[in-house]
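For reference, the structure discussed in these notes is given below.
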Amino acid sequence: MRPLENLIVLEFCQYMAGPSAGLRLADFGARVIKIERPGTGEGGRKIAIKNLFAGDDSIVFHTINRNKESYEADLKDPADLAKIKKLIAQADVLTHNFRPGIMEKIGLSYEEVKKINPRLVYGVVTGYGAKGPWAAKPGQDLLVQSLSGLTYLSGDKKDDPTPFGIAVADIVCGAHLAQGILAALVRRGKTKQGALVEVSLLESVLDLQFELLTTYLNDGRKKVERAAQGNANAYLSAPYGVYKTRDGYLALAMENLVRLSNILGCDALRAFPDSATWFTHRDELMAILNDFLEKKTTAEWLAMLEPADIWCAEVYNYEQFLNHAGYQVLQMDQELQLPGKEKLRTTRCPIRIDGEKLYSAKPGPLLGQHNKIIDFDFNLTLV
């Protein structure tokens, strides 16, 4: 039995942040029901990466909405809204990521919903919070990365602002929403009362940067300076970074440069025995290392460094990584059976419960696929 079996989650969410929280709750066994607008459904159905679709929906939609059900309802129609309110009365969790004011107009604000079901945990995702000059601004991942300072941490010193190559704000925010909901459910088990859980993309991205923001706020608010070449963390000393070798790239994490110089036989590094210089002369030290490491292959360096317990790794692309035993032993991928004969490969839940890997072969639902069964299970036809 999965931990959240028999829990009912109503998801009024679209795109990635809110649905990724619902995905995790579904992985844990909750019955997650997407409430979708008639005709088009949630916007994420048509948001595609590389224009890849499976049937009428994007493969991204299937990866984020696997193991969920779809209930088609027009929230502006009194009959449909009455059904939704009856569904809310029987649910455990409700999530939405509408802009501030939308659920209030519909009559489904937290205060109104609490009257229907005081035990409900009500989760809200916004872009920038419910108040302030950005409250009505589109809560989109790249925009949030750009506003938050995050884009000045990646890339090298002379590079333009460099965003993450993934929807990092959405994914982290979804994780925070799931955490908040689970905490509220634990409290409900003690008090019998629900809760309002609020997260925003901006606050999640700030939390992601807590180490660096703390440094900035307590170090005279000095301008962030990325390393000249091979930057991996704007606030860490050499050798932390990525270096070119004869045939590829090598990543080096935190390490004592004196010890590293002895293992590598790099005489030029020995001119910097004082650890205080490893940050102030970071660019010079990384340049020395970069020139030195280009003399041999990545495998040759690893053969020297790994036995000495130096924190290092080869830099892989997807092809190299997915074909490596280090990935394959995790059994991280799974296959979704789409309507018809088509199949889709994706990743599984990364969390194990009592040693069990959490798989699900159910793809994202068709729009309105489960209306009849949900009407029956929750007696909605009697409204």
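Among the residues of the range 153-196, those that are of a type in the set (Asp, Glu) and either in contact (Cβ under 8 Å) with a residue 40 or more places away in the chain or touching a helix residue (DSSP H, G or I) at 6+ places or on another chain (Cβ under 6 Å) (or both) comprise ASP156, ASP159, ASP170. Restricted to the range 104-122, and to residues there that are buried (at least 21 other Cβ atoms within 10 Å of the Cβ) and either of a type outside the set (Val, Ile, Thr) or under 25 Å from the mean Cα position of the chain (by Cα) (or both), the residue that is farthest from HIS176 (Cα to Cα) is LEU108. The criterion of at least 1 residues that are among the basic types (Lys, Arg) is met, among helices (runs of 4 or more DSSP H) falling completely within the range 152-264, by 168-191, 257-264.
Test VAL172 against the criterion of being more than 20 Å from ASN233 (Cβ to Cβ), crowded, with 16+ Cβ neighbours inside 10 Å and hydrophobic (A, V, I, L, M, F, W, C), and give yes or no.
Details: more than 20 Å from ASN233 (Cβ to Cβ): no; crowded, with 16+ Cβ neighbours inside 10 Å: yes; hydrophobic (A, V, I, L, M, F, W, C): yes.
Spelling it out, it is not the case that VAL172 is more than 20 Å from ASN233 (Cβ to Cβ), crowded, with 16+ Cβ neighbours inside 10 Å and hydrophobic (A, V, I, L, M, F, W, C).
Condition check for PRO100 on (1) touching a residue at least 24 places away in the same chain (Cβ under 8 Å); (2) of a type outside the set (Asp, Glu); (3) not in a loop (DSSP other than H, G, I, E, B): one failure, at (3).
TYR318 satisfies every condition listed in (1) touching a residue at least 12 places away in the same chain (Cβ under 8 Å); (2) in the same structural domain as VAL258 (by TED's automatic domain parsing) except (1). Criterion first (within 14 Å of GLU72 (Cα to Cα), in contact (Cβ under 8 Å) with a residue 60 or more places away in the chain and β-branched (Val, Ile, Thr)) does ILE351 satisfy it? So ILE351 fails the test. Taken together, the residues in the range 197-212 that are touching a residue at least 60 places away in the same chain (Cβ under 8 Å) and either loosely packed, with under 15 Cβ neighbours inside 10 Å or touching a Leu at 6+ places or on another chain (Cβ under 8 Å) (or both) amount to 5.
Within the range 8-62, being touching a Cys at 6+ places or on another chain (Cβ under 8 Å), among the charged types (D, E, K, R) and either in contact (Cβ under 8 Å) with a residue 60 or more places away in the chain or assigned to a helix (DSSP H, G or I) (or both) holds for ARG24, ASP27, LYS34.
Please verify whether the range 247-266 includes one or more residues that are of a type in the set (Gly, Ala, Ser), free of Cβ contacts under 8 Å to residues at least 24 places away in the same chain and in the same structural domain as GLU306 (by TED's automatic domain parsing). Yes, there is a match, as at least one residue in the range 247-266 is of a type in the set (Gly, Ala, Ser), free of Cβ contacts under 8 Å to residues at least 24 places away in the same chain and in the same structural domain as GLU306 (by TED's automatic domain parsing). For the range 62-75, the condition of being within 19 Å of HIS176 (Cα to Cα) and acidic (Asp, Glu) holds for none of the residues.
Residues in the range 62-76 that are crowded, with 21+ Cβ neighbours inside 10 Å and under 19 Å from ILE102 (Cα atoms): ALA73 only. Among the residues of the range 249-267, the one identified as touching a Phe, Trp or Tyr at 6+ places or on another chain (Cβ under 7 Å), more than 17 Å from ASP156 (Cα to Cα) and loosely packed, with under 15 Cβ neighbours inside 10 Å is MET254. Of the residues making up the range 331-354, not a single one is over 28 Å from GLU69 (Cα atoms) and either in contact with a helix residue (DSSP H, G or I) (Cβ under 6 Å, 6 or more places away or on another chain) or of a type in the set (Asp, Glu) (or both).
Would you confirm, using the coordinates I've provided, whether GLY129 is in contact with a strand residue (DSSP E or B) (Cβ under 6 Å, 6 or more places away or on another chain), within 15 Å of LEU201 (Cβ to Cβ) and small (Gly, Ala, Ser)? Give the derivation first.
Numbers: in contact with a strand residue (DSSP E or B) (Cβ under 6 Å, 6 or more places away or on another chain): yes; within 15 Å of LEU201 (Cβ to Cβ): yes; small (Gly, Ala, Ser): yes.
Judged against the criteria, GLY129 is a match.
Counted as qualifying within the range 267-383 are the helices (runs of 4 or more DSSP H) with 1 or more residues that are modelled with pLDDT of 95 or more and charged (D, E, K, R), namely 282-293, 298-305, 318-322, 371-377.
The values are calculated or read from the model by the stated rules, or taken from the named source; none is laboratory data. Only a predicted model underlies this, so the values are computations on that prediction, with no experimental measurement involved. Backbone-built Cβ (ideal geometry, glycine too); neighbour counts: all protein chains shown.
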